[in-house]
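The values are calculated or read from the model by the stated rules, or taken from the named source; none is laboratory data. Keep in mind the model is a prediction, meaning the values are calculated, not measured. Virtual Cβ from ideal backbone geometry, glycine too; neighbours counted across all protein chains shown. Calculation scope for accessible area: heavy atoms of the full protein, side chains included, ligands and nucleic acids excluded. Shrake-Rupley method; radii C 1.70, N 1.55, O 1.52, S 1.80 Å.
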Amino acid sequence: MVKKVIVFIVPIFICQSMAWAELTSVIKGNVRAVNTRLPLVGTNIVVLDTKLGAATDTFGNFIIPNVPVGTYRLEATMLGYTSIVKTDVVVSTGRATFVEVNLNEAPIVLKGITVKAKYFAKDVSAPTSKHNLSREEIRRSPGSASDVSRMIQNLPGVNFVSDARNDLVVRGGSPAENLNLYDGIEIPNTNHFGTQGATGGPITMVQSEFIRDIDFYTGAFSAKYGNKLSSVLDIHLRNGTRDEFLGTFDLSMSGAGLIVEGPLFRGSYLLSARKSYLELIKEQIGFSALPIYADAQCKVVQKLSDKHSLSILGIGGIDHIEFAPGEEEEHGNGGVEVDQTHYALGTKLTSLWSKDLFSTLIVSRGYDLYDVYVKDTLDTRLYDNESNESENTLRTDVIFKNISLGVYLKQVALGHKIYHKGDERFPDIDMDFSDTPYKAGAYLQPEFKFGNISGAVGVHYHYFDYTEISSFSPRTSLSFVLIPNLSLNAGWGIFYQNPSYVWLTVFPENKELKDMVTRHYEKVYGTLAYTYSETKHKALDGIERYGSYDTPHVINTVLGYRPMPLLELGVKCRYASGRPYTPIDTTASKQSGFEVRNKTQVNALRYPDYFRIDFRFDIHHYFKGWNIVWYLDLQNLLDRHNIYFYYWNEKENKVETSYQWARMIVGGVKIEF
């Protein structure tokens with residue numbers, strides 16, 4: 001039977017490949033200088049391993065016609081700038097492929113010296129910790145479900161919390177310590193069913209088709225970014241096409257979605273909407289409770305003049321899930337209802353004043369609503385959280401030659417109404433808090449280059465009106481080129497962060513909490529995604545203990561292979577040391593009837609090590625004017641039973657084990673037209 005299936009499939013691929021070879025499309029793009037954002041005229045663009053190429057015009061634009069469908073590498077070279085190779089440039093029918101190239105200035109190379117193009121552009125302000133990922137890398141990553149954060153979990157220095165969530169644990173830090181930027185707009189949480197005061201969740205709101213690329217900093221990031229301890233996720237959105245109307249329909253386990261784009265006056269638009277649908281068939285698939293959610297995104301760009309452009313950005317989502325009594329063991333067999341609303345809106349004015357002066361001005365608003373209600377089987381209220389948090393932000397960033405500076409002001413509005421029924425362990429919590437404090441900050445960072453040495457020195461200032469605490473955060477980075485393609489890099493900084501809003505307001509005395517602080521020392525990293533880290537905290541008793549997210553050893557490996565142009569295979573392997581945990585005191589738990597942890601062994605034990613393999617394959621079908629992509633993602637291929645946590649079963653009066661995801665198959669289809 002297997003042989004018959006193989007014999008049947010192979011001719012299909014052969015026929016599709018023959019038809020595919022006759023189809024062509026266009027590669028378009030723009031080339032600009034990194035610092036000044038000036039268009040670079042006369043840049044040579046070559047499609048490697050072909051005879052195709054082009055040069056940029058007076059606006060920095062280029063067009064390469066008659067490119068056969070497939071995946072390519074583009075090399076950009078220009079005198080006085082560092083050459084670069086853009087990988088994973090996917091050409092398909094029905095639409096032009098747009099590539100944006102940014103080049104760093106470099107000394108003029110003398111005659112007789114050959115310089116090879118680099119695959120990775122170095123950021124002198126963060127030479128050791130910056131990772132750049134393209135949209136294609138995110139889309140095809142096994143086990144990531146086109147989720148940016150799940151893809152980032154494969155990078156050096158990054159770990160995860162649970163298979164069911166995309167929380168980022170960077171070098172043992174908390175998921176609350178990560179900064180999310182959406183084309184320059186700060187967003188506290190980009191996920192459906194996100195955790196209040198943190199940055200993770202089970203389902204992302206960010207559509208991967210909106211992404212141009214991302215920059216992720218795992219530490220020692222530049223002075224531009226403030227009030228976060230561990231990492232920065234800077235998502236750069238692409239513009240919609242200015243040539244014609246295009247659409248993409250996507251159907252997968254995460255929902256049904258539609259993306260449309262096209263020209264609009266002197267610019268373009270890019271819009272998307274997505275809705276979950278499994279709740280419509282929950283009885284047929286045997287589930288009594290399923291997450292219900294919807295989200296939308298937009299980016300509208302208008303060219304005001306040759307030197308000024310205006311972008312309108314938006315992202316938002318609504319969530320709902322309800323568990324009947326007995327369906328959610330974690331909440332003591334009580335009914336649970338969760339509703340959330342998240343959105344961020346903003347405008348961004350980009351101005352190129354001269355060849356040495358570039359600026360952006362952002363006005364934005366972010367809003368988060370959390371509504372959680374928990375009751376027992378007698379309809380007694382156990383927990384009730386009605387919280388809303390918003391930030392209205394005015395920010396400007398300026399680049400003058402090699403000096404970056406910026407200022408920002410945030411008007412914060414907080415409304416926290418939280419009730420938690422107490423018991424023998426703790427009293428009732430019943431709070432109703434509201435306030436409108438503000439935040440302000442500024443940064444300055446000059447960059448320098450002397451021969452083979454380059455780097456940056458900067459400082460970030462931040463003030464929070466509610467706690468009346470201000471901080472100065474110094475940063476520095478240094479890169480020394482030993483030989484071509486081999487550099488010695490280092491970075492250092494002191495980083496501060498205000499505690500999350502809900503941490504500060506839940507008890508009046510928490511207003512006195514100081515800013516969290518950490519120091520980053522970065523060294524050189526290779527291509528092997530292995531990380532060693534150690535995280536410890538010292539409590540008021542003076543005892544130093546391992547942090548809850550401390551995982552000393554993390555290894556991530558992602559491999560891909562294209563056996564033929566229409567078929568793409570990928571595999572991901574992940575290993576991580578077991579997380580620390582505090583054991584359950586079984587004797588005390590039996591006597592009290594509820595879970596009691598052994599406080600003499602706080603985070604003294606560790607869960608077993610984690611190991612998982614994911615496998616994914618994509619099948620592409622190209623037709624004249626439209627395309628289809630089928631994909632199948634086999635997550636936890638070996639069906640390994642990785643332990644998530646231990647908990648006390650109050651019904652059975654014993655310790656039980658909660659596991660991570662078992663083997664799961666996720667598939668879908670994407671239609672481009």
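Across the range 551-564, the number of residues qualifying as open to solvent by less than 60 Å² (accessible area, probe 1.4 Å) and over 21 Å from the mean Cα position of the chain (by Cα) comes to 2.
Here is a yes/no grid of residues against (1) of a type outside the set (A, V, I, L, M, F, W, C); (2) over 30 Å from residue 512 (Cα atoms):
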| residue | (1), (2) |
| --- | --- |
| 400 | no, yes |
| 423 | yes, no |
| 445 | yes, yes |
| 449 | yes, yes |
| 458 | yes, no |
| 466 | yes, no |
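Annotation note: of 165, 150, the sole residue that is open to solvent by 10 Å² or more (accessible area, probe 1.4 Å) and part of a loop (DSSP other than H, G, I, E, B) is 165.
Of everything listed in (1) within 30 Å of residue 360 (Cα to Cα); (2) at pLDDT 90 or above, the single unmet condition for residue 258 is (1).
Each residue in the range 413-447 was checked for being farther than 20 Å from residue 370 by Cα, open to solvent by less than 60 Å² (accessible area, probe 1.4 Å), free of Cβ contacts under 8 Å to residues at least 60 places away in the same chain and in a strand (DSSP E or B), and 3 of them qualify. Taking the criterion of being within 21 Å of residue 556 (Cβ to Cβ) and hydrophobic (A, V, I, L, M, F, W, C), the residues of the range 157-204 that qualify are 158, 160, 161, 164, 168, 169, 170. Given the criteria more than 30 Å from residue 292 (Cα to Cα), buried (at least 23 other Cβ atoms within 10 Å of the Cβ) and not polar (S, T, N, Q), does residue 225 qualify? Against the criterion (more than 30 Å from residue 292 (Cα to Cα), buried (at least 23 other Cβ atoms within 10 Å of the Cβ) and not polar (S, T, N, Q)), residue 225 does not qualify.
Among the candidates 410, 348, the residue that is modelled with pLDDT of 95 or more, open to solvent by less than 20 Å² (accessible area, probe 1.4 Å), basic (Lys, Arg) and within 30 Å of residue 223 (Cα to Cα) is uniquely 410.
The rows are residues; the columns are (1) among the acidic types (Asp, Glu); (2) open to solvent by less than 30 Å² (accessible area, probe 1.4 Å); (3) under 26 Å from the mean Cα position of the chain (by Cα); (4) modelled with pLDDT of 85 or more.
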| site | (1), (2), (3), (4) |
| --- | --- |
| 585 | yes, no, no, yes |
| 596 | no, no, no, yes |
| 605 | no, no, no, yes |
| 611 | no, no, yes, yes |
| 615 | no, no, yes, yes |
| 637 | no, no, yes, yes |
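Would you be able to say whether some residue in the range 337-360 is among the β-branched types (Val, Ile, Thr), in contact (Cβ under 8 Å) with a residue 60 or more places away in the chain, closer than 25 Å to residue 294 by Cβ and assigned to a strand (DSSP E or B)? Yes: the range 337-360 contains one or more residues that are among the β-branched types (Val, Ile, Thr), in contact (Cβ under 8 Å) with a residue 60 or more places away in the chain, closer than 25 Å to residue 294 by Cβ and assigned to a strand (DSSP E or B). The residues of the range 94-113 that are at pLDDT 85 or above and more than 30 Å from residue 23 (Cα to Cα) amount to a single one, 103. The strands (runs of 3 or more DSSP E) found wholly in the range 206-306 and carrying at least 2 residues that are under 21 Å from the mean Cα position of the chain (by Cα) and small (Gly, Ala, Ser) occupy 255-264, 267-275, 292-303. Within the range 475-502, track down each residue that is open to solvent by 40 Å² or more (accessible area, probe 1.4 Å) and either of a type in the set (Val, Ile, Thr) or over 24 Å from the mean Cα position of the chain (by Cα) (or both). 476, 478, 480, 481, 482, 483, 484, 485, 486, 488, 490, listed by residue number.
Which residues, counting only those in the range 38-88, are surrounded by fewer than 18 Cβ atoms within 10 Å (Cβ to Cβ) and of a type in the set (Lys, Arg)? Once the filter is applied, which keeps residues that are surrounded by fewer than 18 Cβ atoms within 10 Å (Cβ to Cβ) and of a type in the set (Lys, Arg), the range 38-88 yields 51, 73.
All told, residue 622 meets the bar of being out of contact with any strand residue (DSSP E or B) (no Cβ under 8 Å at 6 or more places or on another chain), over 20 Å from residue 664 (Cβ atoms), surrounded by 15 or more Cβ atoms within 10 Å (Cβ to Cβ) and not polar (S, T, N, Q). Residues that are modelled with pLDDT of 75 or more and in contact with a His (Cβ under 8 Å, 6 or more places away or on another chain) were ranked within the range 518-545; the one that is surrounded by the fewest Cβ atoms within 10 Å (Cβ to Cβ) is 544. State yes or no: is residue 627 surrounded by 15 or more Cβ atoms within 10 Å (Cβ to Cβ) and either more than 28 Å from the chain's Cα centre (by Cα) or modelled with pLDDT under 85 (or both)? For residue 627, the condition - surrounded by 15 or more Cβ atoms within 10 Å (Cβ to Cβ) and either more than 28 Å from the chain's Cα centre (by Cα) or modelled with pLDDT under 85 (or both) - is met. Within the range 373-385, is even one residue in contact (Cβ under 8 Å) with a residue 12 or more places away in the chain and within 28 Å of the chain's Cα centre (by Cα)? Scanning the range 373-385 turns up at least one residue that is in contact (Cβ under 8 Å) with a residue 12 or more places away in the chain and within 28 Å of the chain's Cα centre (by Cα). In the range 180-212, the qualifying residues are those that are open to solvent by less than 30 Å² (accessible area, probe 1.4 Å) and among the β-branched types (Val, Ile, Thr), and the one that is farthest from residue 360 (Cα to Cα) is 204.
For residue 220, the requirement of being out of contact with any His (no Cβ under 7 Å at 6 or more places or on another chain), of a type in the set (A, V, I, L, M), modelled with pLDDT under 90 and open to solvent by less than 20 Å² (accessible area, probe 1.4 Å) is not met.
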